[in-house]
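Taking it in order: structure first as structure tokens, then the write-up.
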Amino acid sequence: MRSRVILALTAALAVVLGGVLGGASAAFATDPVTLQGSRVLDTSDVLTDAQETALDTRLRSLHASSGVDLWVVYVPTFTNPSRAEDWATETADLNGLGPTQYLLAVSTDGRQFYLSGSSVGPVSEDQLGTIENQRIQPALAAGDWEGAATAAADGLADAVNGGSGAPASPAGAIFPILLVVVLVALGALLVWIVVRSRRAKTAAVRAGDGPPDPLAGVSTEELAQRASSALVQTDDAIRTSEQELGFARAQFGDAIAEEFSQVLAQAKNGLDEAFRLKQQLDDEIPDSESDIRSWNARILELCEQANTSLDEKAQAFDDLRRLEQNAPEALARVRAERTRVAAEASAAADALAALQRSYAPAALATVAGNPAQAAQDLAFAQERLTSAEQSIGSAAGAAAAVDIRAAEDAVAQADLLHAAIGKLGADLARAETDAAALVAELEHDMAAASGMPDPDGRLAAVVAGTRARTDAAGALLRGDEKNPIAAWESLGAANTEIDAALAGVRDAQERAQRAAQQLNALLAQAQGQVSAAEDFITSRRGAIGADARTRLAEAGASLVQARQLQQSDPAQALSFAQRANDLAAQAIRLAQNDVGAFQGGGMLGGGGGGGNVMGAVLGGIVINSLLSGGGRGGGMGGMLGGGGRSGGGRSGGMGPGSFGGGGTRSRRGGGRF
């Protein structure tokens, strides 16, 4: 076990001296940690071995008695990030803690703590605050490290069982007088240790090229995981902010929403740069260890900047919408919108059924589940609207506002799911027409190539390959299980090959004309693929990891470049359009894998309220998808519990998104001791 001498002296004297030594504990700074098998992680060595064992047993019994879990971490100081809330949240995300799983993070030298819990967990925000203020903080202030964790467990158990989380009687722990005497006697020794540590650190910095890398102690693998998590969380924040801004623009007009539009655009630019770096990390080109670390560090920096800029406008946005003050009017507006969208459900289901009679299941994979998911969203919205109405009746405006926002998001998502069916139908019809036209072009090219001199048999081989692909694509364009998008992609590859073979015998005008024709068709195809990927990921973002989002972002950027070059450089535009199409197809496949893992893991319940809540989780309507960030890659972090409200009209149940970054979406609490 680590030596307890220096760290124990540091932690103990800090109880008496508080902040006198200021930054003296920087030498013991700790980044977000990985939790091991025990429920207790004590890098500060403030607990004895016996205390750790007893506390681990107590925390495990908490789950058996209440259904919630608690982990406790003691570190000297929080760093990367340094705010208690951010550090605890990042640690919870890093370890995949779910909505029924809580984390008490304590900075023993920094004198800070935070009890991290999901906004959709069984313990409300008010209850968590009560546990912090009335149970944890008094114990920490008295230097009772073990008692603070036990108090947190007792408070969670009380809250889950319907209590407020407050102790039955005030905590009466008194700091032992003998310990104070010992600490004062050892003060001089500690000061000497700290001064020596500072001098050693200064010497090390001077010996190097500059200030130490704050991420130097983080493994490359963990750094990549943090970057992926940050990308998912930031993308979710921006998507939710964009949707919320759309609601505000419809309600108040473009002029009032302009300041928020500018901030959102700035945040999106930063995220786009972060996604470009992630794509570079993911491509087939090998990267050096230095590049991998620096690019992931830059991703973290860009995401932090984007979230901060959005958070700075979050309060102003909430003041603009005033859902809490105008709950009755907002309730009526969302209820009317839900009625409109629900009335379109039958037509959307019929449209999908018609497509299913003509096209293969693979061609319809991105929308096959849309009617069922939209119905779940609308049911969830109705539950929230009913709850909001009850809250308004009991003058609980804050609770009503939370429910109205959740219902509003759910209705908008149901509308998107319905519309996606029609969009895909149009894309399939266009792809069918384009594929048929391309077959005719290829027949002409094969005839032309067959009539040319071919002493080495090269053209014959190209013609044979083109014929095979054309015949295979033709099978995908006939019958009642057509897949015109797959057919078009196969024909496009054949067209590229035979065009290269015939390039030498075509004049410049003919080549330019053919390139323009191919570009127009490819741009339309790529736009359809990007749109399908966007709709699929947006409506299921609660299950989608960083890889699919990265491919989608890059596909969109490539499509923009293709359109910009369409007139000036058709050949280069064709390359960008093909890249956009390919990346969008990859995004769809990766996103489908993520959703499959989400559903295959039993994340989605059946009918009823619980299933509707889980549908809201899948759609990202409930905050942070309950899944603790990104880098999921098909393996969902966290263990999903029931979620939702447990009665009483409290505001800590559902956690819908709002305009803002990551900081706006988590409970603010914790404090100093």
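With label points built 7 Å along Cα→Cβ from the Cα atoms of ALA515 and ARG298, find their separation and express it in nm.
My value for the distance between the label points is 3.1 nm.
Please work out the ratio of the alpha-carbon Rg of the range 344-458 to 2.2 N^0.38 Å and round it to two decimals. Walk me through the numbers on the way to the answer.
Numbers: Rg = 24.8 Å, N = 115, 2.2 N^0.38 = 13.4 Å.
Rounded to two decimals, the normalised Rg is 1.86.
With a 10 Å radius around each residue's Cβ, average the other Cβ atoms per peptide and rank 422-435, 459-472, highest first.
Values: 422-435: 18.9, 459-472: 16.2.
Order by mean packing, descending: 422-435, 459-472.
What ranking do 486-495, 326-335, 436-445 get when scored by the average of other Cβ atoms within 10 Å per residue, highest first? Provide the component values of the computation, followed by the final result.
Values: 486-495: 21.8, 326-335: 18.3, 436-445: 16.1.
Top of the packing list down: 486-495, 326-335, 436-445.
So if each residue of separation counts as 0.36 nm, and I subtract the Cα-Cα distance between ASP350 and HIS444, what length gain in nm does that give? Write out the running numbers ahead of the final one.
Working: separation 94, 0.36 × 94 = 33.84 nm, distance 3.95 nm.
Separation in residues times 0.36 nm, less the Cα-Cα distance, equals 29.9 nm.
Quick one: Karplus J couplings for the range 302-310, per residue in order, coefficients 6.51, -1.76, 1.60, θ = phi - 60°, nearest Hz, x for Gly and Pro?
Whole-Hz 3J(HN,Hα) from phi for the range 302-310: 5, 5, 4, 5, 5, 5, 4, 5, 6.
I want to check the label-to-label distance for GLU389 and ALA166. Put each point 7 Å from Cα in the C-beta direction and report it in nm to one decimal.
With each label point 7 Å from Cα toward Cβ, the separation is 3.4 nm.
Excluding ILE485 itself, calculate the net charge of residues whose Cβ lies under 12 Å from the Cβ of ILE485, where each Lys or Arg counts +1 and each Asp or Glu counts -1.
Working: positive: ARG430, LYS482; negative: ASP427, GLU432, ASP434, GLU489.
Taking every Cβ under 12 Å from that of ILE485, the sum is -2.
At 1.567 mPa s and 4 °C, plugging the Kirkwood radius over alpha-carbon pairs of the range 27-69 into Stokes-Einstein gives what diffusion coefficient in µm²/s?
Values: Rh = 11.8 Å.
Using the Kirkwood radius from Cα pairs, D works out to 110 µm²/s.
Arrange the peptides 310-319, 251-260, 134-143 so that the one whose residues have, on average, the most other Cβ atoms within 10 Å appears first.
On the way: 310-319: 17.3, 251-260: 13.2, 134-143: 21.0.
Highest-to-lowest ranking by the protection proxy: 134-143, 310-319, 251-260.
Assuming a ≥ b ≥ c are the square roots of the Cα gyration tensor eigenvalues, decide whether the range 264-377 counts as rounded (a/c under 1.5), prolate (otherwise, with a/b larger than b/c) or oblate.
Details: a/c = 4.80, a/b = 1.26, b/c = 3.81.
Oblate is the answer for the range 264-377, as a/c is 1.5 or above yet b/c matches or exceeds a/b.
Values in this text are rule-based calculations from the coordinates and carry no lab data. Every value quoted in this text rests on a predicted model; they were computed, and no experiment measured them. As a convention, Cβ positions derive from the backbone with ideal geometry for all residues, glycine included, and neighbour counts pool all protein chains shown.
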